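In what follows, a structure is listed as C-alpha cells, so that the remarks can point back to it.
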Amino acid sequence: MKALRLFPLFLLMLALHLQAATNAPALKAGYCEADITPDIGMEQPGGYGKSFHRTLHDPCKVRAVVFDDGQKRVALVGTDTLIIPRDLVLKARTRIQALCGIEPEAVMIGASHSHSSGPVGMVQPGEFDHASDLVKKLAYEQSSCADPKFLKYVEDQIVSAVMLANNRRAEAATGFGSGIEDKVAFNRRLRMKNGLSYSHPGAGNPDIIGYAAPVDPQVGVIGTWDKAGKLIGCVVNYSCHATTNPGGISANWIYYLEQMIRGAFGDDVVVVFLQGACGDVTQVDNLSPYARPGAEQWSRLVGGRVGAEAVKVLLSMTPGTNAPVDFKAKVWNIPRRKPSPEHLQQSLDIVQGDPKKYSTTEVTFAKEILMLDALIQKHPSVEVEVQAIQVGPVVCVSNPAEYFVQYGLDIKKRSKFPLTFPVELANGCVGYVPTLEAFGPNGGGYETRLTAYSNLEISAGQQFADVGVELANSLTPMKIPTPPPAPPFRAPWLYGNVPPQVK
C-alpha cells in the first residue's frame, strides 16, 4: 500500500522532469568527413629524415562534428595526420568563423598522429629561411618536410568538413559513455637496472625491471542518433600512438576503428577520432615474450579492439535530446630549452665531421640540435593553446603536444566532469612533452631528447594540465543520461513466486 501511495508523487516528479526536458532547447548535431589522402610519391612524415609514399592502403580523412544547443555551437575535428601546424589551425578557424559563424575558440582540431599519412610536418615551409646555409641544408634536404600545397589542401578540407557538418545540423539524440580496452596499448618507457628509463629497450632485455609509467585504457565515446534511431556519427577518444603502419598511405589503426563501428551501425557513420594523451604509449609491449604481429595484423588488432569496445559503449548508451555545449581557451607562450654551448659544438663537429665515424642516430640528433639553435634565434618561445570544449557531460581538454599519459590521467582525476577526454596534438604541435619525472634522475628515454621538434621547458606539461583543469572546471557539467526509472513495485512475477516443487 505504501508503494501505491507514493505512485502519484512519482508520476508528478516524472512529469516535471519531462516538462523541463521539453522546455530545454533540443541539441542539434551534424557530421561530415572529407578526403585528405596524399599522392603517391609525397613525403611520409613521422621520422627525422626523408621517406616517401609508394603505395596506398586506405584513404586519409578529416572528420568533423558540430554540436548546437540553441545558444552556442562547438566543432570537434579529427584529422588523419601526423600533426596539425598552428598556422594551419588559425587560418582554418578564421575561415570557419567567416563561413559559419562558429567562434575560433569553439573549434578544436586534433591530429590522430598517423605515421602513415600526408606531409604536414616536420619542417614547415620557410621555417629555416633565416638560418645559415648549413642549417638550411639540414632542414630542407635532410629532414622530413611539409608540402605547402598539401597543407593548403588539408586546410581547405577542414573548412569544408566543418561547414558541411554545420549545414547538416539536425535535432538528434546524443549519448555519452566509456569502456575499457587494456590489451593493445603499452607504455614504451621501462625502468632499467641502471636506474634510468629507456624507450623501447627491446623485448627480452634482461636489464628491464618493469614499466616506467601507466597507460590509459579508457575508450571515451559520444554517439548521435537521428530521429529514426540510426547512428549518424560518433566521437571516440583513446590513447595509443598511430604507429602500426599497415603498409602505404593509411589512416593507420584508426581505419580499422572506423571499419568496426561501420560494420555494426552502417557504412555512412562518421567516426571522429580524437587522440588521447599517448606521448609514451604505443602498441608495442616490450615485456611480451611473443613475436610481434605483422603490420597489417597489428593495425587490425588495435583498431578492431578499440572499435569493438566503442561499439559496446554505443549499444549501452541512453541517448538524450538535450545537452549544453560550451567552450573556453587560453593562449600563452612557453620558452624553449636551450642546448648548452658544449652540446652545440659537439653537434657541429659531428655534422661537419667524417660520417663514417658516427652512427645514424648521432648524426640525426646532432642535426636536430643545430636546427633547434636556429629556431631559438628567431623564436625563443612557442605560442601554445589549451582548450576545453563541453558537450553535455563530456569535456574535451586539448593540448598541442605528444603528451605523456600520466598528465592525461591527472586531468581526468582533477576534472569535475563525468567524462573527460584529453586530446593531444590539437590546435598546434610542440613535440613531446614528458613529465617532470622523466626529466629527473631516474628518467630518460627518447621522448626527453632535445630536438627541433621537442624543446619546451620541462614545466610545460604541468602548465598544460593546470590550465586544462582550470578551464574544464569553469564549465558546468551535465549528468550522463540514464534510462527511465523502473515503475514502482507491485507484486512478484506469478510464474516464479513458488517454493520448490519436487513432486
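General observations
- Residue in the range 213-227 that is surrounded by 24 or more Cβ atoms within 10 Å (Cβ to Cβ), modelled with pLDDT of 95 or more, over 19 Å from the mean Cα position of the chain (by Cα) and under 19 Å from Leu409 (Cα atoms) present: no
- Failed item in (1) surrounded by fewer than 23 Cβ atoms within 10 Å (Cβ to Cβ); (2) farther than 30 Å from Val219 by Cα, with Lys367 passing the rest: (1)
- Selection count, the range 244-300, where residues are hydrophobic (A, V, I, L, M, F, W, C), in contact with a strand residue (DSSP E or B) (Cβ under 8 Å, 6 or more places away or on another chain) and crowded, with 17+ Cβ neighbours inside 10 Å: 16
- Filter result for Leu134 (buried (at least 17 other Cβ atoms within 10 Å of the Cβ) and over 30 Å from Ala213 (Cα atoms)): no
- Residue within the range 392-403 that is surrounded by 20 or more Cβ atoms within 10 Å (Cβ to Cβ), at pLDDT 95 or above, in contact with a strand residue (DSSP E or B) (Cβ under 6 Å, 6 or more places away or on another chain) and among the charged types (D, E, K, R) present: yes
- Candidate set: the range 342-377, residues that are out of contact with any helix residue (DSSP H, G or I) (no Cβ under 6 Å at 6 or more places or on another chain) and among the small types (Gly, Ala, Ser); chosen: the one nearest to Leu456 (Cα to Cα): Ser359
- Among the residues of the range 316-335, those that are of a type in the set (Gly, Ala, Ser) and in a strand (DSSP E or B) comprise Gly320, Ala329.
- Taking (1) in contact with a Cys (Cβ under 8 Å, 6 or more places away or on another chain); (2) of a type in the set (Lys, Arg); (3) crowded, with 19+ Cβ neighbours inside 10 Å in turn, Arg189 satisfies each apart from (1).
- Leading residue by the ranking (farthest from Leu409 (Cα to Cα)) among those in the range 238-287 that are in contact (Cβ under 8 Å) with a residue 40 or more places away in the chain, assigned to a loop (DSSP other than H, G, I, E, B) and of a type in the set (A, V, I, L, M, F, W, C): Ala251
- If only residues of the range 143-171 that are assigned to a helix (DSSP H, G or I) and hydroxyl-bearing (Ser, Thr, Tyr) are counted, the one that is farthest from Cys32 (Cα to Cα) is Tyr153.
The values are calculated or read from the model by the stated rules, or taken from the named source; none is laboratory data. As the structure is a prediction and not an experimental result, all values here were calculated from the model. Heads up, the Cβs are rebuilt from the backbone with ideal geometry, glycines too, and the neighbour counts pull from every protein chain shown.
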